[in-house]
1. Considering only strands (runs of 3 or more DSSP E) fully contained in the range 49-142, which possess at least 2 residues that are under 16 Å from the mean Cα position of the chain (by Cα) and crowded, with 19+ Cβ neighbours inside 10 Å?
2. If you check residue 21 against the conditions, is it surrounded by fewer than 21 Cβ atoms within 10 Å (Cβ to Cβ) and either of a type in the set (S, T, N, Q) or under 18 Å from residue 227 (Cα atoms) (or both)?
3. From the list 167, 213, 256, 238, which one is of a type in the set (Lys, Arg) and either modelled with pLDDT of 95 or more or surrounded by 16 or more Cβ atoms within 10 Å (Cβ to Cβ) (or both)?
4. Can you tell me which condition residue 148 does not meet? The list is (1) farther than 28 Å from residue 63 by Cα; (2) of a type outside the set (Phe, Trp, Tyr); (3) within 18 Å of the chain's Cα centre (by Cα); (4) open to solvent by less than 30 Å² (accessible area, probe 1.4 Å), and all the others hold.
5. Let me confirm something: among 131, 120, 124, which residue is modelled with pLDDT of 95 or more, out of contact with any Lys or Arg (no Cβ under 6 Å at 6 or more places or on another chain) and over 18 Å from residue 167 (Cβ atoms)?
6. From (1) in contact (Cβ under 8 Å) with a residue 40 or more places away in the chain; (2) open to solvent by less than 60 Å² (accessible area, probe 1.4 Å), pick out the condition that doesn't hold for residue 175.
7. Of the conditions (1) touching a residue at least 12 places away in the same chain (Cβ under 8 Å); (2) aliphatic (A, V, I, L, M); (3) surrounded by fewer than 15 Cβ atoms within 10 Å (Cβ to Cβ); (4) part of a helix (DSSP H, G or I), residue 158 fails just one. Which one is it?
8. Tell me the strands (runs of 3 or more DSSP E) entirely within the range 171-269 that contain at least 3 residues that are farther than 26 Å from residue 48 by Cα.
Amino acid sequence: MSRPRHALDEWPALAAHLRRAERLLVLSDLDGTLIPIRRRPGLAVADRKTRAVMKKLRCAPGVRLSIVSGRSLRDVRRATGVPGLIYVGNHGLELGVAGGTVVVPAARRSARTMTVLARALAAAVQPVRGAFVEDKRYSLSVHWRGVAPRDVRRFHRLIDAVLRSWRAVRVTLGKRVIEVRPPTAWDKGAAVEWLIRRYRYGAGEVAYLGDDRTDEDAFLAVNRHRGMSVCVGPRARRSIAGWRLDGPAQALEMLRRIAEERCRSRRKR
């Protein structure tokens, strides 16, 4: 991994790339990428400006827009509030596409396990103020953003004690959150590959913006297709993404520029 180049500093080169692409699949994470992370996920929703940019990009010539999130499919739709997009929830385990919802079989098979494990984890962290379990049916998020520094070690000990007896799950770390998923290799990267195949996108016709460790899988998929992978976050963060942005405000600005560039280039044809 390396420190990516700043996307807005190199915008002329990126704009030229956009002009060459006949079609474009733009994918973006939500929390921490397009909207700031909040202590409770339910409080984090797209504001009017963010929704306006999404709608403009959705209507840009030759563009499909997809929001790829760790939230449940239902919740990411609610938080975004823009119809007509491709929504991907639960780190790729749920895909909301034209014609209905596709759920990865391994996730469907593990739904009962996730329900039982959610109860066990919720009981374990109940004594830790600020910790809570988000049950998303096909995966779980154990949040500790609101946990006081003095209680962090205790929180992790309690979680580890529960998870040690549950081997048939996949555990990853995010930004002050522990993600618990079914034991499958399916992730955001696999979901991106699935969408590329479904809609038959070629080399250089895909872009992805994300801010968390789970987005690295998506960056890898996009890089394989010679697309634009953009890491949103602090300058010091290392990533396999080709470019970076400092935060949600710049990510939104990049989406706005993509929409304008697509509209401008189509008018010239």
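1. In the range 49-142, the matching strands (runs of 3 or more DSSP E) lie at 63-68, 86-89, 94-97.
2. no
3. Just one listed residue meets the conditions, 256.
4. (3)
5. After ruling out the rest, the residue left standing is 131.
6. Result: residue 175 passes all but (2).
7. Among (1) touching a residue at least 12 places away in the same chain (Cβ under 8 Å); (2) aliphatic (A, V, I, L, M); (3) surrounded by fewer than 15 Cβ atoms within 10 Å (Cβ to Cβ); (4) part of a helix (DSSP H, G or I), the lone unmet condition for residue 158 is (3).
8. 177-181
The values are calculated or read from the model by the stated rules, or taken from the named source; none is laboratory data. Only a predicted model underlies this, so the values are computations on that prediction, with no experimental measurement involved. Heads up, the Cβs are rebuilt from the backbone with ideal geometry, glycines too, and the neighbour counts pull from every protein chain shown. When the accessible area is computed, the model is the full protein with side chains, heavy atoms only, and any ligands, DNA or RNA have been set aside. Shrake-Rupley method; radii C 1.70, N 1.55, O 1.52, S 1.80 Å.
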